[in-house]
1. With respect to the numbered conditions (1) open to solvent by 30 Å² or more (accessible area, probe 1.4 Å); (2) under 25 Å from ALA33 (Cα atoms); (3) touching a residue at least 40 places away in the same chain (Cβ under 8 Å), which one is the sole condition not fulfilled by PHE139?
2. Going by the conditions given, is GLN135 within 12 Å of the chain's Cα centre (by Cα) and either modelled with pLDDT of 90 or more or not hydrophobic (A, V, I, L, M, F, W, C) (or both)?
3. State whether the residues of the range 144-155 include one that is on the phi < 0 side of the Ramachandran plot and assigned to a strand (DSSP E or B).
4. Name the one entry in VAL110, VAL89 that is in contact with a Leu (Cβ under 9 Å, 6 or more places away or on another chain) and touching a residue at least 24 places away in the same chain (Cβ under 8 Å).
5. Of the residues that sit in the range 169-213 and are modelled with pLDDT of 75 or more, under 18 Å from ALA225 (Cα atoms) and part of a loop (DSSP other than H, G, I, E, B), which one is most open to solvent (accessible area, probe 1.4 Å)?
6. Regarding PHE165, is this residue crowded, with 19+ Cβ neighbours inside 10 Å, on the phi < 0 side of the Ramachandran plot and either at pLDDT below 90 or out of contact with any Pro (no Cβ under 8 Å at 6 or more places or on another chain) (or both)?
7. Has the range 120-136 got any residue that is of a type in the set (A, V, I, L, M) and open to solvent by 60 Å² or more (accessible area, probe 1.4 Å)?
8. Find the helices (runs of 4 or more DSSP H) located wholly in the range 1-103 whose residues include 3 or more that are of a type in the set (A, V, I, L, M) and either open to solvent by 60 Å² or more (accessible area, probe 1.4 Å) or at pLDDT 95 or above (or both), and list them.
Amino acid sequence: MLALLLGMTMALAHAPLLAQSIQAAPGAPTTAAQRSEALTAARRDFAQFVASSTSRHAGTLPAGFPLDVSDVQDLKDARVGHGFQIYTVDPQDLVAGRSDLSAMAKPSPVWRFVLNLHDRPIGLVTVEQVNGHWQAVAFGASTLAQDVEALMAFHGNADRSNLRFIRIYQAQSDFLEVAANGTARFAPLHSARQSLQMQQRAAKAGKPDDGLMDAAAFLDPLRGAVKANLDAFR
């Protein structure tokens, strides 16, 4: 299990950017049902991951270990926390000039759950259906886990129902959508800030990169990144 999941973690990290956005299949279970089934799988497979890791690497931390711990034995105290569904956008919609990012974002059948060690995010477990069964396909993304956890805690309501995690695969960019008073604004996560050079753009404009943004503020560089990626594979 450990070798398989470590391999999948690395494979997902280097997946081709041209991969098409994942869309939920017609007739798919409701969001609540998906969350329940995905959470069950996340807890089950994380328990297996912990058992395998601690038995095979007692007192050590293998090079490239995907979670932010100092010793694999720390995993015994780690727990699966809250989860969120990944939303994504058809790249052709962006290239065609559509500007309503919130309307373009569609749910995918992929869920991610934060892994916590003493209330500190140490990574994410990615869960999806494989041959009709929910299972963990990757562990890792500690930087993203810390980033998204902080922003969700700051911007989310009690049940975080005002938030959506949006991933633009072809631009290597993640955003947290925050709905309030009938409007949606966006917090660029680490990947988007890096990929779209948002911090540099904000510095040149004399504005700090410290809050939510309207989609119009980053759609042009986002669209350019997507188009460049698509063109590279033609």
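The values are calculated or read from the model by the stated rules, or taken from the named source; none is laboratory data. Fair warning: this is a prediction, and the values are worked out from it, not measured in the lab. Here Cβ is always computed from backbone atoms with ideal geometry, including for glycine, and neighbour counts include all displayed protein chains. What goes into the accessible areas is simple: the full protein's heavy atoms, side chains included, and nothing from ligands, DNA or RNA. Shrake-Rupley method; radii C 1.70, N 1.55, O 1.52, S 1.80 Å.
1. (1)
2. no
3. no
4. Just a single option satisfies the conditions, and that option is VAL89.
5. GLN172
6. yes
7. For the range 120-136, residues of a type in the set (A, V, I, L, M) and open to solvent by 60 Å² or more (accessible area, probe 1.4 Å): absent.
8. Output list reads 2-13, 31-56.
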